[in-house]
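A short write-up of the structure that comes next.
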Amino acid sequence: MTEQELKDKVIEAIKQVYDPEIPVDVYELGLIYDIKIFPVNNVYVLMTLTSPSCPSAESIPVEIEQKIREIEEVSDVSVELTFDPPYATDMMSEVAKLELGFM
């Protein structure tokens, strides 16, 4: 499996995670800033939340990590939270904007 194929699988796994208050997955919301695949299939995800006081601040990163760990080829997962740059609605994909009525 190539790095890109694994990265695509990771993105599919992340797309199964939703912010409980918003009917759009965290990937389409633009909460994922970076996904890196390191040697021996170690996955690093840099992400943010819609707000530092988000009630799901604890559960979303944990759920993302669990979904990625379910991928057979993944050796290890590291999910890092950042609020720099702060989240803004213009980070959403067009799919998310349509779903939430921003377009």
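The values are calculated or read from the model by the stated rules, or taken from the named source; none is laboratory data. Note that this is a predicted model, so its numbers are computed, not measured. Neighbour counts are summed over all protein chains in view; Cβ atoms, including those assigned to glycine, are modelled from backbone coordinates with ideal geometry.
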When Lys9 is run through (1) assigned to a loop (DSSP other than H, G, I, E, B); (2) farther than 16 Å from Pro85 by Cβ; (3) in contact (Cβ under 8 Å) with a residue 24 or more places away in the chain, the failure sits at (1)
Test each condition in (1) surrounded by 12 or more Cβ atoms within 10 Å (Cβ to Cβ); (2) in a loop (DSSP other than H, G, I, E, B); (3) of a type in the set (Gly, Ala, Ser) for Ser53 and report the one that comes out false. (1)
Assess whether Ile35 counts as being in a loop (DSSP other than H, G, I, E, B), of a type in the set (A, V, I, L, M) and at pLDDT 95 or above. no
Six or more apart or on different chains, Cβ atoms under 7 Å: show the pairs whose first residue is in region 74-103 and closer than 19 Å to Glu63 by Cβ and in contact (Cβ under 8 Å) with a residue 60 or more places away in the chain and whose second is of a type outside the set (Phe, Trp, Tyr) and surrounded by 16 or more Cβ atoms within 10 Å (Cβ to Cβ). Val74/Asn41; Val74/Val43; Val74/Ile68; Ala96/Val24; Ala96/Glu28; Ala96/Leu29
What residue, of Lys36, Lys15, is basic (Lys, Arg) and surrounded by 14 or more Cβ atoms within 10 Å (Cβ to Cβ)? Lys15
Out of all the residues in region 76-87, is one or more surrounded by fewer than 13 Cβ atoms within 10 Å (Cβ to Cβ), touching a Pro at 6+ places or on another chain (Cβ under 8 Å) and not in a strand (DSSP E or B)? yes
